[in-house]
Every structure is written in C-alpha cells, then in structure tokens.
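Notes for the one structure printed next.
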Amino acid sequence: MKTLLVLSVLVLINILGLRFFHRFDLTENKMFTLSHASKDLVSSLDDKFTVKAYFTSDLPPEYANNRRELMDLLDEYRAYGGGNFQYEFIDPGKKEDLEMEAQKYGIPPVQVQVLKEDKLQIEKAYMGMVFLFGDKQERVPVIQSTSNLEYEISSAVKKMTTAELKKVGFLTGHGEPTLEQISRLQEILAKQYQVTTVDLSNGSAVPPDIAVLIIAAPVQPLKSWEKFLIDQYLMKGGKIAFLINKVSATLQTQYGQPVNVDIDDLLESYGVRINTDLVRDVSCAYVMVDQQAGFMVLRNQIPFYYLPRASDFLKTSPIVKDLSSVVFYFASSVDTSLARAKGLNASVLVKSSTRSGRQENVFMISPNMQVTEQMFAESGIPLVVTVEGAFPSAFGNKPISIDTSFKGTLDSANRQVIGKVSKIVVVGDGDFIQDQYSGGNRDNFFLASNLTDWLADDIGLAEIRSRESGLKPLEEVSEGTKTWAKIVNLGVPPLIVIVVGIVRWRIRVASRKRIETRGY
C-alpha cells in the first residue's frame, strides 16, 4: 500500500512538472535565464522573425543535450515575442531536399562519432541554425556549445531589425594593428556595428557617422593636425577609446623602452595621464621558458609578472561586472588625478591586485628575474578608466603645426573650445585586443567590445556577452597561508588515519578484556 502511494505521488509530481514547467537558475550570474536585454529586444519585434534549426534527431547524448537546451532557450524567446518570434526544428535526415535547403542557408554537414553495435562509427549530422527576417538572414553554421547561444540569438535579432548599424572606426596611419590582427574583436563588433578604418593624414575631419573612434597601439607620433581633428571630433560629441602603449616591450628581447606617440597633451587636457611605467602583478599570466637542469634543458611554465591578469573590476559597472579576468600585455598605469579639477567624472573600471607594483626608468623584464616583496607593495593600480563630461579642447586658441607632409586643407577657424558632453576610455595597453597577444583570453575581447558598446550608448547586449566568460581566478593568498595549507593537506590525512587506528585498537583491547572477564 505504501509503495503504491509513493508511486502515485511521483506520477502526480511528473504530471504537474510537465504542465507547470519552471527552471531554477542557481548560477551566480543567471547564465540560464533570459536577460532583460533579450526580453526587451524580442518583445519589440514588429514583424515575423523566424529561426530554422537544422538538427539531426538521433545525435549522441552530448550533442542531443545541445539540441534540448537550444529548444528550451527558443521557447523562452517565443514566450516574450508576442507571436512575432517563431522557430522550427528540421531534421534533414536522409532527405536530399532538406539537406540542400540547409546547405543553401550555409549550414554544412559535420562528422560526429556514434557508438553503434559496440563500434565507433563516423556519421554525417547537422547542428546549425539560420535566422530569417524580411529579406535578411544570419546563421550559426555549427552549434558546438550552448554557453553563448543567447548572445548569438539576441545579436542576430538586433542586427537584422536595426535599420542602420552604427560605425566603429579604427585610426590608421601610425603603425596601428590592422583589422586582420584584431580579427577576434572585429568578429564580435561586426555582430552589432559596421567596422571600418579612419585615416586623417589628408586633413579631413573624422567622418560624422563614426559613432566610436578607437585609437589602438600607434607606434609613430600623431601629427599636430591629426590631434586637432581628433580633438574636434570629441568636442562635437564623438566618443573615443585611447588604447595606448607607453612602453614597447617584447618577450623575446626581455627589454622595454619608452614610446612617444605625442598624445600626452590630448589626454591631460581630458583629465587623464598614462604613466611611462610597466605594471607588475603577482596575479599574472604564465610563459614557457627554457631552464637548465644539469645536462638537460627543460621547458617550464613560470609566472611572468609583467603580464598582469586583472580581476579587480568595478562591480557596479555593466561594462565589467560579469568578467572573470583580463590579461594585459606590458601595461602602464593610468592617472586620473587631473579629471576633477576639469569638472570631469573619472571611474576606474579595472585595477591590479593587492600585490602589485610598477617598473620605471629602466625596463629589464626577464621572467627569471629575482623578486622581492617590496616589488609588489602596491594595491589597486588603475589599468582601465572611463571619463565623462564636457571636455575642454586641448588646443583652445593654440596654433596648429602643419609640415610639408600635409597635402589637404584644414578648417581651424570654426574650432570648438568647450565640447558637448561626451565620454572616453583610456587603457595603458594597446596590445591586449590583438589576437597575437591576448593569450586566447575571451575576456580581453569582451572587455574591448563592452567598452565600445558603452561608448556607443548601446550597453544592453554586453550583459549577455560577458555572462559566458571564462574561469574565475582564485584569490591570491600570502606565502604563510600557502605553507599552512600544505602542512594541513600533508599532515592531517595521515594523522586522521593514525587516530582512527588507535581508537579501533583501543576498542578491540577493551572488547577483548570484557570477553576475558566474562570467561572467568
């Protein structure tokens, strides 16, 4: 009778679960809950938006889970879409017409390993989706992970339903990295913006349709008239990201030297200064080095303190609050002490850890260098800052130097001395966005794209993008704490075994004595 009652209760719970489905999201940043930005986006659809998911039905469990999670997510979008968001799952199977349809949309077949009759076999499968809105279409050719699906879907909705995408321009002409060298960042930005380059060498103003101007890692000095054009762009309400290297250093030479791109006067006028130093941090990236061990040379992974791994973020800022850690490549500190006197509001978004320091004057940066505690006596060194307000012009009524390389015409008569309310981003590292120097760290690109969104007054999807960021770094602890942890880990388990053994031995002795006493 009791068994029957328990089974009845379980059946009732399952029936109620099917009728009144609810999923509890216990993750810290609600990774499995549709964000407010996505809800607002899909609820504002004014026409039919269709998702076609081409998924083979009998996939191995790890891929079948992706199919289920995608279906759950699309269900949530449809619930908030007010009838305008629709989706369908299509199994191309062995049907040639459906396979041709999938491939027409750019969804290719992939090979997966399937276990059948105790044998591993390679079979063809489809695991992609296409978005259709009017005459526009976007696609995700292969879904290998569900960790970033909400961002993929929401960014597609936004891109396809926006009449005209904003433009993001990267300054060129001074040895800056090409768009190919920042391909991962460009790929993220292209989901929401038109990405282009801006050349000021002919004296033309920054195009007025550029929503955000990014000045990343120039190695040659900017001309006076170029700085004037940048200044006037800001005065007219333009938004700028300054990602500047103040020290040129490489892992190969293990030596650094100051870089002068002649931009200090601009930044100081806008309330900030990038110092000519290198930040070192106990929380850092690791590098592979050759080390001599007797007659052998071994390749070991060791910490390189001049590649800071920053995880101290301003948690109230949507730009960085969901990031895990950002790896900088020979970063310089940023000084915001000038901002308040100019009536500007400066915020430090990213800081070094509680055990950090700065190298100044001579930049010898060997990974094998001897370190002392005094080298890491500083805490919270600013690495990324934002500044907002009505910026004063760096030129005022100052003359603009023009040399023989200038071939255009410069309109300096109608210059603005006090600008409209605007905002800038300043980072003492221009290399962290490059594919080559990022170390493959996704948060580097998420930080850069979030900063761009903030400058473009379009921060909404940054909330989703950052939620899928990587590993949470462990907090740094003192050497004393590490020593105690080692002692506990090595000493306590054997001690527990010894204590348990003694207790059991004493119990057996006592038991034997009781038996002997009864025998007498």
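The values are calculated or read from the model by the stated rules, or taken from the named source; none is laboratory data. Given the structure is predicted, the values throughout are model-derived calculations rather than measurements. Ideal geometry is used to build each Cβ from the backbone, glycine not excepted, and the neighbour counts take in all protein chains shown.
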Check your understanding: Here are some conditions: (1) in a helix (DSSP H, G or I); (2) without any contact (Cβ under 8 Å) to a residue 60 or more places away in the chain. Y87 meets all but one. Which one does it not meet?
Key -> (1)
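Which ranges mark the strands (runs of 3 or more DSSP E) fully within region 180-298 that have 3 or more residues being among the β-branched types (V, I, T)?
Working: elements: 193-198, 210-216, 239-243, 247-250, 255-258, 277-281, 284-293.
Counting at least 3 such residues, we get 193-198, 210-216.
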Point to revise | Among residues of region 402-431, those that are in contact with a Gly (Cβ under 6 Å, 6 or more places away or on another chain) and assigned to a strand (DSSP E or B), counted | key: 2
Check your understanding: Just a yes or no: is a residue in region 153-166 under 30 Å from S201 (Cβ atoms) and assigned to a strand (DSSP E or B)?
Key -> yes
Review point. Since V142 meets every condition but one in (1) buried (at least 18 other Cβ atoms within 10 Å of the Cβ); (2) touching a Gly at 6+ places or on another chain (Cβ under 6 Å), which condition does it not meet?
Key: (1)
**Study point:** Residues (touching a residue at least 12 places away in the same chain (Cβ under 8 Å), assigned to a loop (DSSP other than H, G, I, E, B) and not small (G, A, S)) located in region 374-401
**Key:** I381, F395, N397, I400
Review point. What pairs can you find where one residue is in region 157-170 and farther than 22 Å from P208 by Cβ and in contact (Cβ under 8 Å) with a residue 24 or more places away in the chain, the other is β-branched (V, I, T) and surrounded by 15 or more Cβ atoms within 10 Å (Cβ to Cβ), and their Cβ atoms are less than 9 Å apart, with a gap of 6+ or different chains?
Key: V157/V42
Practice item. For G106, state whether it is modelled with pLDDT of 85 or more, buried (at least 17 other Cβ atoms within 10 Å of the Cβ) and under 30 Å from the mean Cα position of the chain (by Cα). Key: no
Review point. For region 156-204, what are the residues that are surrounded by fewer than 21 Cβ atoms within 10 Å (Cβ to Cβ), at pLDDT 90 or above and either touching a Cys at 6+ places or on another chain (Cβ under 9 Å) or hydroxyl-bearing (S, T, Y) (or both)?
Key: T161, T172, T178, S183, T196, T197
Point to revise | region 49-67: number of residues that are within 24 Å of S38 (Cβ to Cβ) and either part of a strand (DSSP E or B) or charged (D, E, K, R) (or both) | key: 8
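Just to be sure I understand, how many residues within region 396-435 are modelled with pLDDT under 90 and either buried (at least 19 other Cβ atoms within 10 Å of the Cβ) or among the small types (G, A, S) (or both)? Explain how you work it out, then say what you get.
The initial filter retains those residues of region 396-435 that are modelled with pLDDT under 90, namely 396-419.
Filter again for either buried (at least 19 other Cβ atoms within 10 Å of the Cβ) or among the small types (G, A, S) (or both), leaving 396, 401, 405, 408, 412-413, 419.
Selection size over region 396-435: 7.
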Check your understanding: So which residues in region 109-142 are β-branched (V, I, T) and outside any strand (DSSP E or B), if there are any at all?
Key -> V142
Revision key, fill the gap. Restricting region 207-247 to residues that are β-branched (V, I, T) and touching a strand residue (DSSP E or B) at 6+ places or on another chain (Cβ under 6 Å), the one nearest to V427 (Cα to Cα) turns out to be I244
Exercise for review: Give I274, I263 a once-over and let me know the one that is within 22 Å of S356 (Cα to Cα), in contact (Cβ under 8 Å) with a residue 24 or more places away in the chain and within 29 Å of the chain's Cα centre (by Cα).
Suggested key: I274
Review point. Somewhere in region 251-263, is a residue among the hydroxyl-bearing types (S, T, Y) and modelled with pLDDT under 95?
Key: yes
